[in-house]
Every structure is written in structure tokens, then in C-alpha cells.
Amino acid sequence: MAKFAKKKDGDLPAVSTASLPDIVFMLLFFFMTVTTMKDSSLLVQNTLPNASEVKKLEKKDRVIYIYVGKPTREYQSVYGTEPKIQLNDKFASVGEVGSYILAERAKKPQELQNVLTTALKVDKDANMGLISDIKQELRQVNALKVNYTTYEGDAFNNLQ
Amino acid sequence: MRTKKTVPEVNAGSMADIAFLLLIFFLVTASIENDTGLKRMLPQENAKTTINIKKRNLFEISINPQNDLMVEDQIIKLKELRDMTITFLDNGGMAQGQMGFCGYCQGERSAHLSENPEQAIVSLTTSRNSDYAFYVSVQNEIIGAYNVLRNREGQRLFNMDYESLVSNYNKVDATTSEKSVLKRKIVTLRAMYPQKIVEPETIYH
């Protein structure tokens, strides 16, 4: 006679959830490595243009960011739709760029003060007038290393 | 009589909840930031310098408010810009035997383009109303032209692209001796085709 106990029908074996924490931790570590902390929330629209000959900004502590673009929708009623400059967490005029760079530079350790890069995160709809003014300001405070931040892609897509 | 004592197991059932909580915290506070871009050096600020250069050594690009591109007095498409820039930079118009003859140039050695890559200057003029996106595309093409030439010479001299030399140099695990070798090669290539891009107010006399 067969000695196999007949399985009781109807009850499914429970799925083991023991590996769930491992999976979640894996996800957690993934996000911790690929993301960076937000240091300022954007007040301006910031769709960057594309370029193919890009270089990566290697060291985060050597970068000063300047954002340029149209104010986002909730600020448009107050600040209008002309492209604006955002420094840290507030809107600024062109004249303030120089002193902002100097202030940021003074915050960095001595040995980094000469190797700082200014990252210009400029919306693709901005026009060159404002950018030339910013560049002029940067030259005046001798912040000559500039990085036009772009997405990596085909530069010809910018034309549409 | 000895009873076998077992250590009670810690209940790990809530571990997943804790991990989820952390995960959600990171998702909310973090953002994937874009950190690639075109690296450029601005010229030094010094009061009113005018330099005299030969017109053949200057490659003039201008962008008008309608985003048209004018290069050396003719209107061209953006797609043609890279090849035109390469032709200009790689011209090597100086005659053989003269000072500044460019031995590695493979250009046509025409009489109205640059004398050698060291003299060659690219000038980019924009109007205040040109689009930033278009300006970035133009910059991209100019840098692309330099990269093509540097890659070519890198392949010829070191069997390696200029761009891969640079990316190897920036690798974290490169040793100091490797780095100094790479640096020497990079500097050689840069000296062969130095990037001279100016954004001036040009005055003609």
C-alpha cells in the first residue's frame, strides 16, 4: 500500500516573507547611492538643453550652482514670465551674482577656493542676454571655470 | 538535571517595515541630479585689451536673434559647423620650412584658413535674443570639432582616444604613476590643438 499521506486540499502554503527586508534594503541602498540630497528647491523651470560632448562634474564640493529660467507657475503671478536667476533659495538680480559667488567661495575650505567650478543650470528657453550678463559678472569676480549643465543627448534636438 | 536553554529568537518581522520607512524617507528627500555639462573657461577680465591677429586665423561664428548661424560671412546649417571648424583648425596653412609649420595637420593648407592650430582662434558672437539652447548646441559642435582632432592625434601617437585618456585620468583607482603618464599625454594633445574660443566684441580696423 502506498504510504503517502494525502495532502489536504484547499490550503495553500504560505509564501515566505523572510527575504522581504533584504529586498527592501537593496532598494534602499540603491537609492542612497544614486541620488543626492536636495539642497535647494527650484523656483524656476529648469529643462536643460542637450549636448553630446559632455564632461561629468567630478567633485560635488567644488561646485557653485546658478539656476536660470522662467519662474515656476506659482511664482509667475508675482515675478512674471521673464527668465530669472535663482541663487540658493531666492530670486536674484544679475548684480547679486558676483557677491553670491564671493560669499560661496569664502565658505569653502582654503585649498578648494581656487578650483571651484560654477555650474550654470539654465533652462533651454532662456535667451543669451541674461547669460552674457552672468558671464560678465563671473569674470569680474574671477570665477572663470564654467560648466553649462546639460543633459547628455543629441545637440540637434535643441533646435525644435 | 540539565535543561537545554535556547536563546529566544528576536522577532524580525518588523524589519521590513523599518526598511520601508527608511526607503520612503530617502525617496522623498533625494533627487537624482544631473551633473554633466560642457566645460568652458571664461577669459580673464582685464580692461580693454585689443589684440591684433590675422584675419585668416580667426574663425567667426555669429548667431542672430532668429537662431541663424553665420560662419565666415555665409549662412550655414548647424550640421555643417563641425566639419567647417575641423577644416579651419586642421588647415595648417603655413608653408613647410617656415616658423609655425604644422607637421601633423592633415588639412588642405589653403591660404585663407588658419596658419596652424596654435594660432587658430574661434570667435563666437551671440545676440542678446538668441536662444540659450542654440548657443549650447553651437558650443557643443565647436568642442566636438576639437575632440575629433585630439582623438585623431591621440590614436596616432598613443593608440588611444583623447577622451578615453581623460576618462582614465579621472578614474578613482588610477595610481599616481599612471596618472602622471596620462597627464603628460593629455597635455601633449591639448598643446597640439589648444582650445581658443573667444566671445568678444570684435573691432575692425
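The values are calculated or read from the model by the stated rules, or taken from the named source; none is laboratory data. What you see is a predicted model; the values in this text were computed from it and never measured. Here Cβ is always computed from backbone atoms with ideal geometry, including for glycine, and neighbour counts include all displayed protein chains.
Mind telling me which of the residues A:PHE156, A:PHE91 ends up being more than 14 Å from chain B (Cβ to nearest Cβ) and of a type in the set (Phe, Trp, Tyr)?
Numbers: A:PHE156 fails: more than 14 Å from chain B (Cβ to nearest Cβ).
So the residue among A:PHE156, A:PHE91 that is more than 14 Å from chain B (Cβ to nearest Cβ) and of a type in the set (Phe, Trp, Tyr) is A:PHE91.
Pairs only if they're at least six apart or on different chains, beta carbon under 8 angstrom, first in the stretch A:40-66 and more than 11 Å from chain B (Cβ to nearest Cβ), second buried (at least 19 other Cβ atoms within 10 Å of the Cβ) and small (Gly, Ala, Ser); list them, first residue then second.
Listed by first residue and then by second, the contacts come to A:VAL44/A:GLY69; A:GLN45/A:GLY69; A:ILE64/A:ALA119; A:ILE64/A:ALA143; A:ILE66/A:ALA119.
Quickly run through the stretch B:111-162 and pick out the residues that are within 14 Å of chain A (Cβ to nearest Cβ), more than 19 Å from B:GLU72 (Cβ to Cβ), in contact (Cβ under 8 Å) with a residue 40 or more places away in the chain and not in a helix (DSSP H, G or I).
B:ARG128, B:ASN129, B:ASP131
Matching residues to (1) under 16 Å from A:ILE131 (Cα atoms); (2) buried (at least 17 other Cβ atoms within 10 Å of the Cβ); (3) at pLDDT 90 or above:
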site	(1), (2), (3)
B:PHE101	no, no, no
B:ALA111	no, no, no
B:GLN119	no, yes, no
B:SER123	no, no, no
B:ALA133	yes, yes, no
B:ILE143	no, yes, yes
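Can you name every residue in the stretch B:20-55 that is in contact with a Leu (Cβ under 6 Å, 6 or more places away or on another chain) and either at pLDDT 80 or above or more than 9 Å from chain A (Cβ to nearest Cβ) (or both)?
Here is the first cut: in the stretch B:20-55, the residues in contact with a Leu (Cβ under 6 Å, 6 or more places away or on another chain) are B:22-23, B:35, B:41-42.
The answer is B:LEU22, B:LEU23, B:MET41, B:LEU42.
Checking the conditions here, which among B:LEU165, B:LEU89 is touching a residue at least 40 places away in the same chain (Cβ under 8 Å) and either away from every other protein chain (no Cβ under 12 Å) or over 30 Å from A:ILE131 (Cα atoms) (or both)?
Every option except B:LEU89 fails the conditions.
To keep it simple, each residue is scored yes or no on (1) under 14 Å from the mean Cα position of the chain (by Cα); (2) of a type in the set (A, V, I, L, M, F, W, C); (3) modelled with pLDDT under 85.
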site	(1), (2), (3)
A:LYS3	no, no, yes
A:ALA14	no, yes, yes
A:THR35	yes, no, yes
A:ALA51	no, yes, no
A:GLU82	no, no, no
A:PHE91	no, yes, no
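Does the stretch A:70-78 include one or more residues that are in a loop (DSSP other than H, G, I, E, B) and not β-branched (Val, Ile, Thr)?
yes
What single numbered condition from (1) without any contact (Cβ under 8 Å) to a residue 12 or more places away in the chain; (2) under 29 Å from A:LEU159 (Cβ atoms); (3) within 11 Å of chain B (Cβ to nearest Cβ) fails to hold for A:THR81?
(3)
Mind listing just one residue for me: the one in the stretch A:108-133 that is part of a helix (DSSP H, G or I) and touching a residue at least 60 places away in the same chain (Cβ under 8 Å) and, of those, farthest from the other protein chains (Cβ to nearest Cβ)?
To start, the set of residues in the stretch A:108-133 that are part of a helix (DSSP H, G or I) comprises A:110-112, A:128-133.
With the extra rule that they be touching a residue at least 60 places away in the same chain (Cβ under 8 Å), the set shrinks to A:130-131.
On the way: A:LEU130: 8, A:ILE131: 6 Å.
Going through the qualifying residues, I end up with A:LEU130.
List the pairs whose first member sits in the stretch A:134-145 and is in contact (Cβ under 8 Å) with a residue 40 or more places away in the chain and at the interface with another protein chain (Cβ under 7 Å from one of its Cβ atoms), whose second member is assigned to a helix (DSSP H, G or I) and surrounded by 16 or more Cβ atoms within 10 Å (Cβ to Cβ), and whose Cβ atoms are under 9 Å apart, counting only residues at least 6 apart or on separate chains?
What qualifies is A:LEU138/A:VAL97; A:LEU138/A:GLY98; A:LEU138/A:ILE101; A:GLN140/A:GLY98.
Consider only pairs whose beta carbons are under 9 Å apart and that are at least six residues apart or on different chains; among these, list those whose first residue lies in the stretch A:19-36 and is more than 7 Å from chain B (Cβ to nearest Cβ) and free of Cβ contacts under 8 Å to residues at least 24 places away in the same chain and whose second residue is part of a helix (DSSP H, G or I) and surrounded by 17 or more Cβ atoms within 10 Å (Cβ to Cβ).
Close Cβ pairs (under 9 Å, with a partner that is part of a helix (DSSP H, G or I) and surrounded by 17 or more Cβ atoms within 10 Å (Cβ to Cβ)) amount to A:ASP22/B:ALA19; A:ILE23/B:ALA16; A:ILE23/B:ALA19.
I want to confirm something. Restricting to the stretch B:134-187 and keeping residues that are closer than 20 Å to B:THR85 by Cα and hydrophobic (A, V, I, L, M, F, W, C), which single residue is nearest to the chain's Cα centre (by Cα)?
That would be B:ILE143.
Every residue in the stretch B:6-36 that is exposed (fewer than 13 other Cβ atoms within 10 Å of the Cβ), within 30 Å of A:GLU58 (Cβ to Cβ) and of a type in the set (Ser, Thr, Tyr), please.
Result: B:THR29, single match.
Could you say whether any residue in the stretch B:57-64 is more than 8 Å from chain A (Cβ to nearest Cβ) and in a helix (DSSP H, G or I)?
Taking every residue of the stretch B:57-64 in turn, at least one turns out to be more than 8 Å from chain A (Cβ to nearest Cβ) and in a helix (DSSP H, G or I).
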